[in-house]
Amino acid sequence: SLMRNLIVLGAAVLLLIGAFVFMFLTAQRERELAQRQADFLANVTHELKTPLSVILAAGENLSDGRIDNKNRLKSYGSHIFNESLRLRKMIDRLLDVAKSGNSRVHTDQRRIYPIDFISNYLDTKKTYFETNNVEVAFNSEKDIPPIDIDPGHFHSILDNLTENAVKYSPDEKYIGIALTSDGKSVRLSIEDRGAGIPKNAQKYIFDKFFRVEETYTANTKGHGLGLSIVKDLVHRNHGSINVKSVPNKGTVFTVSFPVAQSHDGNGTTETSET
Ligand code: ADP
């Protein structure tokens, strides 16, 4: 009947519109991604050039051998040193980006004791926490078994998550770090009381170049790469990661790694049963 044909036609039209809207949104997301990628490259090139030109200028002045003023020599030296450190940090980050997603990149797993590793890490960040007014609380169960993980990767994971916790906390800068274990895996959680992440954005935050488009994130610097690197490093070391977040309340990232194989919990080694 005519009525039926009309309904079918209507449904088909609706479906078509739906498909177009979907294609449009997908294309838009891809365009945004490409734009972010281009911005990232432009920024990185710029950021690499700044320390490099300081080093070049200092090196040029030193190399003609005419500076005999001790203080000036010292200041050139410290310029070169500090800017080289900055360069190295940037290059390390870039390498992390380049490596992420490349499964042939090798991981150098060592047996580490999470309580010691994290305590050491927090010690090295002491000045950073003090200058940024961050309150840090580290709580751990008593006997946390070791895990097998690339120490450099574990360091990057901690660094990215704690620096995000600080960066996305406009008011109260607090980081709660907790370690627990059920004997099979070790769980590390990093909690903040910051801006939080809107529900609809939570599934994208581990994607390359994704940043939440809220006013608060918009005012911070970043390329949306940190969490994609973290996720990749966690997976490379056979772990898992998830997030719980409430906007304007805070965020908890939980990372979990299997307990080192052939570790029986008493500090002795024996062949595992599985
Ligand atoms: P970046 O910090 O460079 O933007 P990330 O990949 O580290 O990139 O994070 C992606 C996005 O996830 C951030 O832009 C931010 O919107 C959100 N985000 C990450 N960590 C937090 C956090 N602790 N609290 C609130 N938002 C966060």
* Asked: For the stretch 238-253, what does the Karplus curve 6.51 cos²θ - 1.76 cosθ + 1.60, with θ = phi - 60°, yield as ³J(HN,Hα) per residue in whole Hz, taken in order and with x for Gly and Pro?
  -> 6, x, 9, 9, 8, 10, 10, 8, 10, x, 6, 10, x, 9, 10, 9
* Percentage, to the nearest whole number, of Cα pairs in the stretch 128-268 over 17 Å apart -> 61
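Over the chain, give the accessible area per residue in Å² for a 1.4 Å probe, as an integer. Could the numbers behind the result be given before it?
Details: 17800 Å² over 274 residues.
On a per-residue basis, the chain sits at 65 Å².
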* Asked: Using Cα atoms only, what is the angle between the long axis of helix 114-124 and the major principal axis of the chain, expressed in degrees (0 to 90) to the nearest 10?
  -> 60
* Asked: When Rg is the radius of gyration of the Cα atoms in the chain and Rh is its Kirkwood radius, what does Rg/Rh come to?
  -> 1.10
* **Partners for Lys142 among lysines (Cα-Cα distance below 26 Å; same-chain residues under 8 apart left out)** => Lys125, Lys126, Lys184, Lys244
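Quick one, can you get me the convex hull of the C-alpha atoms of the stretch 15-161 expressed as volume per residue in Å³? Spell out each step's value before the answer.
Working: hull volume 34.9 nm³, N = 147.
Convex hull volume per residue, Cα atoms: 237 Å³.
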* Asked: Rounded to a whole number, what % of the accessible area of the chain do carbon and sulfur atoms account for, probe 1.4 Å?
  -> 55
* With label points built 7 Å along Cα→Cβ from the Cα atoms of Thr215 and Asp68, find their separation and express it in nm. => 6.1
* Structure fact -> Length gained if Thr131 through Thr26 is fully extended, taking 0.36 nm per residue and subtracting the Cα-Cα distance, is 33.6 nm
* Anchor Lys173: aspartates and glutamates whose Cα lies under 12 Å away (excluding residues fewer than 8 positions away in-chain) -> Glu130, Glu135, Glu163, Glu191, Asp192
* To do: Return the inverse of the average 1/r over all pairs of distinct C-alpha atoms in the stretch 1-64, which is the Kirkwood hydrodynamic radius, in Å to one decimal.
  => 16.7
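For the chain, what does the helix formula give at 222 nm: sum of -39500 (n - 2.57) over DSSP H segments with n ≥ 4, over the residue count, nearest 500 deg cm²/dmol? Each step should come with its number before you reach the end.
On the way: 7 runs with 141 residues, N = 274.
Dividing the helical sum by the residues of the chain leaves -17500 deg cm²/dmol.
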* Asked: Using Cα atoms only, what is the angle between the long axis of helix 226-236 and the major principal axis of the chain, expressed in degrees (0 to 90) to the nearest 10?
  -> 90
* Asked: Quick one: if you stick a label point 7 Å off each Cα along the C-beta vector at Ile17 and His106, how many nm between them?
  -> 5.9
* Asked: Taking the Cα atoms only, what angle lies between the long axis of helix 151-167 and the longest principal axis of the chain, rounded to 10 degrees?
  -> 70
* Asked: If we count every other residue with Cβ under 14 angstrom of Ile112's Cβ, Lys/Arg +1 and Asp/Glu -1, where does the sum land?
  -> -2
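In terms of the ratio Rg/(2.2 N^0.38 Å) built on C-alpha atoms, what value belongs to the stretch 124-174?
Values: Rg = 13.1 Å, N = 51, 2.2 N^0.38 = 9.8 Å.
Working it through for the stretch 124-174, the quotient is 1.33.
The values are calculated or read from the model by the stated rules, or taken from the named source; none is laboratory data. On a predicted model such as this, the values are computed, not experimentally measured, just so you know. When we count neighbours, we look across all protein chains shown, and the Cβ atoms used for this are built from the backbone with ideal geometry, even at glycine. Accessible surface areas use protein heavy atoms only, side chains included; no ligands, DNA or RNA. Shrake-Rupley method; radii C 1.70, N 1.55, O 1.52, S 1.80 Å.
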